[in-house]
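The values are calculated or read from the model by the stated rules, or taken from the named source; none is laboratory data. Keep in mind that this is a model prediction, so the values were computed, not measured. Heads up, the Cβs are rebuilt from the backbone with ideal geometry, glycines too, and the neighbour counts pull from every protein chain shown. Protein only, heavy atoms only, side chains kept; ligands, DNA and RNA dropped before computing areas. Shrake-Rupley method; radii C 1.70, N 1.55, O 1.52, S 1.80 Å.
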Amino acid sequence: FFLYMPLTAPHTPWVPTDPFIGSTQVGSYGDFVAQVDAVVGEVAASLERSGVAGETLVVFTSDNGSHWPEADEERWEHMANGPWRGQKADIHEGGHRVPFLVRWPGEAQAGAVVPDLVSLTDLYASFAEMLGRTLGEGEAEDSFSQLAAFRGAAAGARPSMVQHSLDGMFAFRSGRWKLIEARGTGGFTAPRRVEREEGAPEGQLYDLQRD
């Protein structure tokens with residue numbers, strides 16, 4: 001079987017149900033995230049009860065970073081996007097670097113951390129390889145199989161990635177480097193766009209291992 005289960009939480013409006021209200025120390029957003037954790041736990045428990053957990057690949061991920069502005073970081077003393085700069089909709093890492101967790105008994109190495117570059121588009125080619133299906137010409141051209149990474153091996157299947165922000169600011173990610181075509185965040189965090197002054201750089205270039 002294949003189950004695609006897109007949760008509406010923790011997208012706005014942040015409306016956790018009664019059992020989760022006040023369950024964290026970071027307001028209604030934190031409570032809603034805790035509810036997401038509980039729902040994922042229910043899915044895992046259902047797989048166990050059904051007797052198929054040992055032969056089921058589970059992937060948990062997100063389509064973007066958390067909507068967590070600087071004011072919330074200060075108010076709650078909490079970094080919803082970890083150490084990464086920016087938030088949902090921004091071109092910086094806080095908008096694009098998301099959790100990507102795999103549980104696959106007997107295949108995925110428990111506790112393994114793989115540093116490979118992965119895109120959600122890679123799920124297509126990964127599932128195809130898992131099923132022994134060869135992709136046709138022109139099919140899923142932007143998808144790279146991450147099956148080796150799922151098993152805990154750093155294989156480097158994806159050489160690069162194109163990203164874009166809420167207002168269409170583009171970035172190119174390759175290895176440790178990230179090149180952003182313009183100045184600003186391109187998203188929710190101010191300043192969205194920075195007018196280029198004479199002699200100033202046209203864009204932004206980051207070594208993500210150092211900055």
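Taking the Cα centre of the stretch 74-180 as origin and assigning +1 to Lys and Arg Cβ atoms and -1 to Asp and Glu Cβ atoms, the resulting dipole is close to 340 debye. The candidates THR121, THR189, arranged from most to least accessible area with a 1.4 Å probe in the full protein assembly, appear as THR121, THR189.
In the context of the full set of protein chains, residues of the stretch 41-140 present 61 Å² of accessible surface per residue (probe radius 1.4 Å, heavy atoms only).
Rounded to whole numbers, the Karplus 3J(HN,Hα) couplings from phi for the stretch 14-19 are 7, 10, x, 6, 3, x Hz, using 6.51 cos²θ - 1.76 cosθ + 1.60 with θ = phi - 60°, and x at Gly and Pro.
Among PHE1, PHE172, PHE144, the sequence by solvent-accessible area, most first, with a 1.4 Å probe is PHE1, PHE172, PHE144. Extent along the principal axes, Cα only, for the stretch 1-67: 37, 25, 15 Å, with the longest axis given first. The residue list GLY168, GLY95, ALA108 was ranked by how far each Cα lies along the charge dipole of the chain toward its positive end, using unit charges on Cβ atoms, and ALA108 comes out on top. Of the GluC sites (Glu not before Pro) found in the stretch 109-140, the ones in coil according to DSSP and having at most 16 other Cβ atoms within 10 Å of their Cβ are GLU137, GLU139. Rounded to the nearest Hz, the phi-derived 3J(HN,Hα) couplings of the stretch 32-44 under the Karplus curve 6.51 cos²θ - 1.76 cosθ + 1.60 (θ = phi - 60°) are 5, 5, 4, 5, 4, 4, 5, 5, 4, x, 5, 5, 4, where x marks glycine and proline. Surface composition of the stretch 31-163: carbon and sulfur atoms hold 52% of the protein heavy-atom accessible area at a 1.4 Å probe.
Quick one: pull the percentage of alpha-carbon pairs in the stretch 141-211 with a separation above 16 Å.
On the way: 1510 of 2485 pairs.
Above the 16 Å cut-off, the stretch 141-211 has 61 percent of its Cα pairs.
Dipole magnitude for the chain: about 280 debye, using +1 per Lys or Arg Cβ and -1 per Asp or Glu Cβ, origin at the Cα centre.
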